[in-house]
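Structure record follows, encoded as structure tokens.
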Amino acid sequence: MSRVRSQNSQAELVVRRLIYSMGFRYRLHRKDLPGKPDIVLARLKCVVFVNGCFWHQHRCKRGNRRPASNREYWIKKLQRNVSRDRLNIAKLKKQGWAVLVVWECQTAQRGGERLKRVVSKFLANRGQRPIKARP
Ligand SMILES: [Zn+2]
């Protein structure tokens with residue numbers, strides 16, 4: 001399986017709809033940015049990753065699951081994903097982007113109120129800050 005980040009996942013659609021309903025507009029999967037962030041709000045200099053708990057090793061029930069066969073292969077592969085994620089986030093921050101990671105399990109919560117709070121706080125904080133010009 002070559003693609004770790006499956007585009008247009010259910011979780012991603014939930015987050016997109018939420019951000020859209022808040023009145024923000026965005027671009028998707030910008031290839032010119034580290035890690036090809038799922039959602040990019042260029043004016044606010046914000047990116048959002050919607051991560052699958054298993055693939056990106058969230059510390060939750062789903063993220064802690066380990067396939068029964070080929071354990072070593074999987075452990076290595078998943079660890080690589082995690083280090084790649086870290087590297088991409090570091091690169092983005094260095095370029096002046098604010099980064100929010102939303103986990104798949106957060107998008108499955110009933111009502112979605114908590115997710116809504118997290119996302120709106122992230123975007124609102126950013127909106128109030130003057131956007132630094134690129135060096
Ligand atoms: Zn999770």
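Below, the figures for the structure above:
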{"read-out": "Qualifying residues in the range 8-37 (those that are more than 18 Å from ALA124 (Cβ to Cβ) and within 16 Å of the ligand (Cβ to nearest atom)) - the one modelled with the lowest pLDDT", "value": "SER9"}
{"read-out": "Positions within the range 89-109 being within 10 Å of the ligand (Cβ to nearest atom) and farther than 20 Å from PRO34 by Cα, in sequence order", "value": "GLU104, CYS105, GLN106, THR107, ALA108"}
{"read-out": "Residue, least open to solvent (accessible area, probe 1.4 Å), within the range 60-87, restricted to residues that are more than 15 Å from the ligand (Cβ to nearest atom) and not in a helix (DSSP H, G or I)", "value": "PRO67"}
{"read-out": "The range 41-59, residues that are more than 16 Å from the ligand (Cβ to nearest atom) and surrounded by 13 or more Cβ atoms within 10 Å (Cβ to Cβ)", "value": "LEU41, ALA42, LEU44, LYS45, CYS46, VAL47"}
{"read-out": "Pair list, Cβ < 7 Å and 6+ apart or interchain, from the range 72-94 residues that are within 18 Å of PHE54 (Cβ to Cβ) to residues that are of a type in the set (A, V, I, L, M, F, W, C)", "value": "ASN81/VAL4; ASN81/TRP55"}
{"read-out": "Pair list, Cβ under 7 Å, 6 or more apart: the range 105-124 residue modelled with pLDDT of 90 or more, other residue away from the ligand (no atom under 16 Å from the Cβ) and in a helix (DSSP H, G or I)", "value": "LEU115/LEU18; LYS116/LEU18; VAL119/LEU18; VAL119/ILE19"}
{"read-out": "Extreme residue, nearest to the chain's Cα centre (by Cα), among residues of the range 88-112 that are outside any helix (DSSP H, G or I) and farther than 20 Å from CYS46 by Cβ", "value": "ALA108"}
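The values are calculated or read from the model by the stated rules, or taken from the named source; none is laboratory data. What you see is a predicted model; the values in this text were computed from it and never measured. Neighbour counts are summed over all protein chains in view; Cβ atoms, including those assigned to glycine, are modelled from backbone coordinates with ideal geometry. To get the accessible areas, we keep the full protein, side chains included, count just its heavy atoms, and leave off ligands, DNA and RNA. Shrake-Rupley method; radii C 1.70, N 1.55, O 1.52, S 1.80 Å.
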